[in-house]
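The values are calculated or read from the model by the stated rules, or taken from the named source; none is laboratory data. Please read these numbers as outputs of a predicted model, since none were measured by experiment. Reconstructed Cβ throughout: ideal geometry from the backbone, glycine too, with neighbour counts over all protein chains shown. Note: areas computed on protein heavy atoms with side chains; ligands, DNA, RNA excluded. Shrake-Rupley method; radii C 1.70, N 1.55, O 1.52, S 1.80 Å.
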Amino acid sequence: RARRQVALVAPSFQVLERRFFASSQNDDNHNNDNMNQNHHADQQVNIKSSAHGLPDFIEHWNRPLFRKLGYGLGATTVLSVAAHEPALTVALASTTAAYWYMGWRDISQTSQTIRRNFPVLGRMRYILESIRPEIRQYFIEADNEAVPFSRSHRSIAYQRAKGLQSSMPFGTRRDVTALDYEWVNHSLYPTQLEEQRVMIGHNNPLVSQPYSSSLLNISAMSYGALSDRAVLALSAGARLGGFSHNTGEGGISEFHKQGGADLVWNLGTAYFGAGTFDEQGKRCFDPNLFAENSVHCKMVEIKLSQGAKPGHGGLLPKEKISQEIAQARNLPFPAEHDCDSPPRHSAFDNPYEMCDFISTLRHLSGGKPVGIKLCVGHPHEFVALVRAFGETGIHPDFITVDGGEG
């Protein structure tokens, strides 16, 4: 009897087990369906929220709607003719013609996808994009927000250039508790300091014309990247302020000379004003030309690398090479080819050859200070330079360290 009861109970448990797993599987399928529906609903919400705030006609604008609106404008123009309103007719006809002209140009062009898919209306994107800097500058940007020069700093420069009062009374509008706030500590017994200058090259017996340099000077900006009036203004300002003006690698132009500033000749990889073309058409150093033009500068700076152009040189399109630029850079005029600055120097290949090049420039310039400009990318390269300076006994008179700010 016990065996019979066990035999009867076992099939009952098997039936209950099958029913339980079947019901749980149905529940799982039902839950998966609900999850899929919820995921689909979330996708719809995300898609809808991405266009939140846009009018419906912008979301649904396409070529058929463009044509329908054009047909409507045309019909309205015809009705205005029937209404005998000449002024209205001319205005509607001009609007309709301009609408169709711009629309068909947008559809037929292949350079801008937005204009092609959203004729006429897509032009608003480029119009708003063109005025975006002005909108940000005049309505959004804070006085101390922009870099590298904030609006408050620019205002001071404009006011001082015009001879206006640049001092702001009643304290400051800057947040003195903010991070990176800079200040000058007060003293009960301030000292009257004389003009601070640095004598460059006076410790080097090979330098016969040391230069007394200001602590603040105008850094390298080439003529070609700047206009003639900009270079003339910077050079004249440096003369009035008693500081130096770095020419940039574009060479010494007539406008640098006219300003009368103390010039630091930036000698780049193309040797503009101090080089010519070899038989292969590449720029190479010309000692005679360098000696001839070095009389216009106070110091020479060899540009090894630049933060704004890591690992590559520069290119000036031939269309931008004017007669003045060609004269400053010793280029043929009218230009037949683009002006290419190589990524590295051809006058030397290693630190020891660079030391010999420094000595050559110092001798050709009549004993003027010679320095180097570099942006440190690999510390071991700078270590190799220092080792060569120590072993050869030839070293630059100054080192300009450039950053990645441009």
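For (1) at pLDDT 75 or above; (2) at positive phi; (3) outside any loop (DSSP other than H, G, I, E, B), each residue gets a yes or a no:
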residue: PHE149; (1), (2), (3): yes, no, no
residue: TYR158; (1), (2), (3): yes, no, yes
residue: SER166; (1), (2), (3): no, no, no
residue: THR177; (1), (2), (3): yes, no, no
residue: TYR181; (1), (2), (3): yes, no, no
residue: PRO190; (1), (2), (3): yes, no, no
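Answer yes or no: is there a residue in the range 339-361 that is open to solvent by 60 Å² or more (accessible area, probe 1.4 Å), outside any strand (DSSP E or B), modelled with pLDDT under 90 and touching a helix residue (DSSP H, G or I) at 6+ places or on another chain (Cβ under 7 Å). So far as the range 339-361 goes, no, none of its residues is open to solvent by 60 Å² or more (accessible area, probe 1.4 Å), outside any strand (DSSP E or B), modelled with pLDDT under 90 and touching a helix residue (DSSP H, G or I) at 6+ places or on another chain (Cβ under 7 Å). Restricting the search to the range 388-403, which residues are open to solvent by 70 Å² or more (accessible area, probe 1.4 Å) and either touching a Leu at 6+ places or on another chain (Cβ under 6 Å) or closer than 24 Å to PRO343 by Cβ (or both)? Correct list: ILE399, VAL401. If only residues of the range 220-252 that are modelled with pLDDT under 90 and hydroxyl-bearing (Ser, Thr, Tyr) are counted, the one that is nearest to the chain's Cα centre (by Cα) is SER222.
Answer yes if at least one residue in the range 107-125 is open to solvent by less than 80 Å² (accessible area, probe 1.4 Å), polar (S, T, N, Q) and at pLDDT 90 or above, and no otherwise. Checked the range 107-125: at least one residue is open to solvent by less than 80 Å² (accessible area, probe 1.4 Å), polar (S, T, N, Q) and at pLDDT 90 or above. Any residue in the range 294-315 that is open to solvent by 80 Å² or more (accessible area, probe 1.4 Å), among the charged types (D, E, K, R) and over 20 Å from LEU232 (Cβ atoms)? No; the residues of the range 294-315 include none that is open to solvent by 80 Å² or more (accessible area, probe 1.4 Å), among the charged types (D, E, K, R) and over 20 Å from LEU232 (Cβ atoms). For the range 362-387, the set of residues classified as open to solvent by 40 Å² or more (accessible area, probe 1.4 Å) and not in a loop (DSSP other than H, G, I, E, B) consists of HIS363, LEU364, PRO379, HIS380, GLU381, PHE382, VAL383, VAL386, ARG387, listed by residue number. Contact map, the range 105-127: first residue under 17 Å from LYS68 (Cα atoms), second residue loosely packed, with under 14 Cβ neighbours inside 10 Å and aliphatic (A, V, I, L, M), Cβ cut-off under 8 Å, separation 6 or more or different chains; pairs are LEU121/ILE58. The requirement of being of a type in the set (Phe, Trp, Tyr) and over 30 Å from ALA230 (Cα atoms) is fulfilled nowhere in the range 141-162; no residue meets it.
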